[in-house]
Amino acid sequence: MRISQNYIKSIKDTAREFESVNHELLTRAGFIDQVASGIFTILPAGDRVLKKIEAIIRNEMNEIGALEIRMPSLHPKSLWEQTERWNSVDILFKVNSRHSYEYALGASHEEIVTPLAKKYIKSYRDLPLALYQIGTKFRDEPRPKSGILRGREFGMKDLYSFHAHQQDLDAYYQKVSDAYIKIFQTCGFTDIKITEASGGDFSKKHSHEFNVLTPAGEVNLVYCGACSFAQNEEVIQGNLKKCPLCGSSDVKTDKAVEIGNIFDLHTRFSNSFKLTYVDKNGENRPIVMGCYGIGITRLLGAIVEVHHKDDLIQWPLSVTPFHAQLINLSKHDSSYADLIYRTLKAEGFDILYDDREDVSAGEKFMTSELIGSPVRLVVSEKTKKNVEWKLRDDDKINLFSATEIIKKLKDFYSA
């Protein structure tokens with residue numbers, strides 16, 4: 001991508017007040033633009049990161065046998081009335097059609113996916129079934145905050161599974177939990193806290209939340225430094241001195257942001273839609289369900305909250321929008337920089353090429369720092385027929401030939 005031909009624009013104005021680190025850094029670097037409270041446009045660089053996050057998620061969802069679908073965001077009122085949630089879900093956006101119909105904008109998709117499954121599941125031979133989508137959700141949050149961590153419109157991956165009995169659901173529930181850990185680790189999180197919570201509006205049974213520690217978090221998490229115990233502070237009775245799981249006194253409290261959740265729905269929605277299957281004995285049985293969500297735009301914000309240093313984003317290698325940023329500082333001849341750009345692209349690398357002619361070296365370096373790719377490459381009169389190589393988190397600068405640069409990038413991203 002050539003900066004001269006594409007819209008990637010850093011914002012110099014630092015006088016504006018931002019409500020969180022991710023909001024400020026993603027805005028200043030040209031990844032997002034705020035339309036209104038809780039509503040954002042994802043700009044080209046931000047879209048590149050989201051696509052990489054989505055690819056990581058798809059890989060794990062496909063690995064556990066889930067099938068990808070696309071469900072509508074516009075939901076008929078009758079479906080939400082059937083589950084008795086039309087009047088009980090207070091964050092539901094409701095839309096009146098000029099043709100006298102009423103709809104909801106999808107806050108979740110149980111009301112769509114359960115009738116869908118009913119059309120295809122007839123007997124035990126059709127089970128288990130797992131369906132997922134990556135799409136947009138709408139929730140009328142009273143107080144959107146923390147940039148894209150909590151919005152009124154946001155990207156989400158939601159998975160729904162259907163099972164003949166509780167034991168099968170429990171086994172798949174654990175399989176999804178393991179897949180979530182892999183997803184979050186691949187996205188750059190090393191310390192993930194899993195807490196048990198109530199099912200809330202979705203289920204009377206249990207649920208689990210996946211959290212990462214960050215000062216921008218909206219929950220206070222009590223956790224043990226010696227084992228896997230973690231719990232929301234609101235359900236802890238009194239001042240916890242020792243871990244109830246292992247007995248360690250290494251009990252800590254920090255803010256955390258939720259990046260995923262999984263729910264045991266049991267028969268909450270299958271009962272509403274009379275979703276059953278015929279077992280081996282020819283008898284009708286209720287289907288038990290699970291649902292599993294990851295906020296994708298929220299994950300983007302959480303990555304920035306965790307991976308930044310000195311007010312600059314430091315993208316994990318797995319989700320960086322560009323493998324490297326190439327800067328041309330040659331004032332009279334860009335042919336060699338152009339050649340490096342074409343060569344690296346031909347090798348399959350995503351390169352952001354700052355080929356602007358009317359911009360100072362200082363502004364080019366500032367743009368590179370704001371965008372935060374792991375590798376910076378510079379071509380100038382001083383480098384001649386070589387390329388300057390610098391890693392984002394290293395002050396050391398080296399000169400390499402074009403051939404060596406290709407090898408170094410391949411080695412860097414395969415390590």
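Annotations for the structure displayed:
- Among residues of the stretch 29-56, those that are in contact with a Lys or Arg (Cβ under 8 Å, 6 or more places away or on another chain) and under 12 Å from L300 (Cβ atoms), counted: 1
- Condition met for E381 (farther than 22 Å from T27 by Cβ, surrounded by fewer than 19 Cβ atoms within 10 Å (Cβ to Cβ), out of contact with any Phe, Trp or Tyr (no Cβ under 8 Å at 6 or more places or on another chain) and touching a residue at least 40 places away in the same chain (Cβ under 8 Å)): yes
- Out of L399, L339, L391, L409, sole residue that is under 25 Å from S10 (Cα atoms) and either out of contact with any Gly (no Cβ under 6 Å at 6 or more places or on another chain) or not assigned by TED's automatic domain parsing to the domain that holds E24 (or both): L391
- The residue that is farthest from the chain's Cα centre (by Cα), counting only those in the stretch 1-21 that are modelled with pLDDT of 80 or more and of a type in the set (A, V, I, L, M), is I3.
- Residue in the stretch 347-370 that is farther than 25 Å from L43 by Cα, of a type in the set (G, A, S) and part of a loop (DSSP other than H, G, I, E, B) present: no
- The single condition among (1) of a type outside the set (D, E, K, R); (2) within 17 Å of the chain's Cα centre (by Cα); (3) at pLDDT 95 or above; (4) buried (at least 19 other Cβ atoms within 10 Å of the Cβ) that Q185 does not satisfy is (4).
- Among strands (runs of 3 or more DSSP E) entirely within the stretch 190-290, having at least 3 residues that are under 26 Å from K145 (Cα atoms) and either among the charged types (D, E, K, R) or in contact with a Cys (Cβ under 9 Å, 6 or more places away or on another chain) (or both) singles out 251-266.
- Members of the stretch 392-415 that are exposed (fewer than 14 other Cβ atoms within 10 Å of the Cβ), aliphatic (A, V, I, L, M) and in contact with a Phe, Trp or Tyr (Cβ under 8 Å, 6 or more places away or on another chain): I397
- Any hit, the stretch 33-50, residues being closer than 15 Å to Y160 by Cβ and surrounded by 14 or more Cβ atoms within 10 Å (Cβ to Cβ): no
The values are calculated or read from the model by the stated rules, or taken from the named source; none is laboratory data. Because the structure is a prediction, the values reported are computed rather than measured. Neighbour counts run over all protein chains shown; Cβ positions are idealised from the backbone, glycine included.
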